[in-house]
Amino acid sequence: MSRLAILFAASEMAPWVKTGGLGDVAAALPAALRRARHDIRVLIPAYPALHKAFPGATVLADLPALAPALPPARLLAAEADGLPLILLDCPELFARSGNPYLDALGHDWPDNAIRFGLLSRVAALLGQAGSPLGWQPDVVHVNDWQTALAPAWLHYEGGAASVVTVHNIAFQGTFAAGHLMALGLPEYAWRFDGVEYHGQLSFLKAGLQLATLISTVSPTYAGEIQHAHFGYGLAPLLRHRADALRGILNGVDTALWNPASDPTLAAPYAANRLAAKRENKRALQGEMGLEPAVDRPLFGIISRLTQQKGLDLVLTLGEGITQLPAQLAVLGSGDKAIEAGFSSLAASHPGQIAVRLGFDEALAHRIEAGADCFLMPSRFEPCGLNQMYSLRYGTPPIVRATGGLADTVVDASDATLADRTGNGFVIDEATPHALWLALERATRCWHKRKVWQRIQQNGMRRDFSWEHAAHDYVALYRDAIAAHG
């Protein structure tokens, strides 16, 4: 198959700037596409962390003001482990440390429309004949609202095929109508089948309307967002464009998340060496101040502590978990009321429930390895990564059947254990009762060592590498190029 030229545009990229799954995808998917020998280049703002990481970045091009509100900028060239990066350097817009979207008080930066309007405009420019690089991609792949306006310029002015990926449809980048002219969009773009959305300019709606093809981060989520409950107002448009919409499951970094070689663990282990996993449980119990109990399962949580993640359900059942009997280890931060609830539970049940507020990457690995079972009863989850980490670490997850959770976790039953697919526990409803029944069922299975080992090994044998996702994205790109003509 022919080699593709791909521009991948994103507003964040791990490890330098990351607020969620998009940052991980922006690091992992382009790297997998490069390993598949495609000509992929990543466009990302030159935040302070990027300047610090690449002090020797060279100037590729100077860009004039591309619209009334867009300031001049520069494109810088850098390379991350052989992956070409194009850094959009505009200090007045991007020289801000911390969260790329929010100020220190947690409010949206007031000039976000200009900041990410520039990023979108430059992504489109690089996909057009007037690109200042002397290189033009076959396809421009943009991600979430921060780059989703690029397909509008490619549609109205001509250029490469485009793909927009929705990582979380709840965030849409909606701004006042006056930004249409300020960003240099044509007046005739202000239509219901253009960039207008209920009297405002919506970056994401524009991308969903005007991109050649659309993808999202799991097959189930692609179906869910076509319904009102999950579509956040955009479900009718997505149903209209259903033939252009694909769901491609995210992958995980299988080198970083590998219990056989993870340097953060007390003891390495694998699917055929599960006995060593018990050493990680003992170490985690010691680290988090839990009793060194061997007669009860240890449930783990690593999450934003929010209702979206279903953690209010866990709080409701908190005392009951100790009576199963079982232990609970929690790592995360988020809603202050939920944080306080977990802290109170831990104080009331020392040695049985332990909570660490905040985030610690190494501890996250040790919880995945040391827990017996992982709790992730999300109300919605576009893809989710922790359930895949848990499966790789032989820590069967309890999840709700939504988004990527439904695509990766197969409920353990006699039938699914017989065909070697059952790898966790799935609930259909986000209720305390449904979650409690799953906790009881998981606890019963845990006490049946051979059954539990079969569930663990079924999960550990699944391949969640990025190579599978990259293959599907290449097929998507080829379809977009063919549809674009």
Using only alpha carbons, build the gyration tensor for the stretch 313-401 and give me the equivalent ellipsoid semi-axes, biggest first, whole Å.
-> 20, 15, 14
Mind checking the full-extension length gain between Glu92 and Met181? Use 0.36 nm per residue of separation minus the Cα-Cα distance, one decimal, nm.
-> 30.0 nm
MRE, 222 nm, helices only [DSSP H, n ≥ 4, -39500 (n - 2.57), over the chain, to nearest 500] | -11000 deg cm²/dmol
Efficiency by 1/(1 + (r/R0)^6): what FRET value for Asp193 and Asp111, r their Cβ-Cβ distance, R0 = 30 Å, to the nearest 0.05?
-> 0.60
Pairwise label distance in nanometres, Asn272 with Ala475, each label 7 Å out on the Cα-Cβ vector | 3.1
Alpha-carbon Rg/Rh ratio, for the stretch 274-460, with Rh computed the Kirkwood way = 0.92
Expected unfolding gain across His433-Arg449 under the 0.36 nm per residue rule, minus the alpha-carbon gap, is 3.2 nm
With the Cα gyration tensor of the chain in hand, convert its eigenvalues to equivalent ellipsoid semi-axes via √(5λ) and list them largest first in whole Å.
-> 42, 22, 22
Cα pair count fraction exceeding 18 Å, expressed as % - the stretch 84-197 = 53
Charge-dipole axis of the chain as Lys and Arg at +1 and Asp and Glu at -1 on Cβ define it, positive-most pick from Gln128, Gly394, Phe203 = Gly394
Could you pull out the trypsin sites (Lys or Arg not before Pro) across the stretch 178-253 that fall in loop regions by DSSP (anything but H, G, I, E, B) with no more than 10 other Cβ atoms inside 10 Å?
-> Arg191
Using Cα centres only, tell me the gap between the stretch 1-74 and the stretch 233-299 in whole Å.
-> 28
Counting lysine pairs in the stretch 274-460 that sit 8 or more positions apart or on different chains, with Cα atoms under 28 Å apart, gives 7
Provide, in order from the shortest bin, the percent of all Cα-Cα pairs of the stretch 147-209 in each 10 Å bin, continuing until the bin that contains the maximum pair distance.
-> 23, 59, 18
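Bear in mind these aren't lab numbers, they're just calculated from the coordinates by the rules spelled out. Note that the structure is a prediction, hence the values are computed from the model and not measured. Every residue, glycine among them, receives a Cβ derived from its backbone with ideal geometry; neighbour counts consider all protein chains shown.
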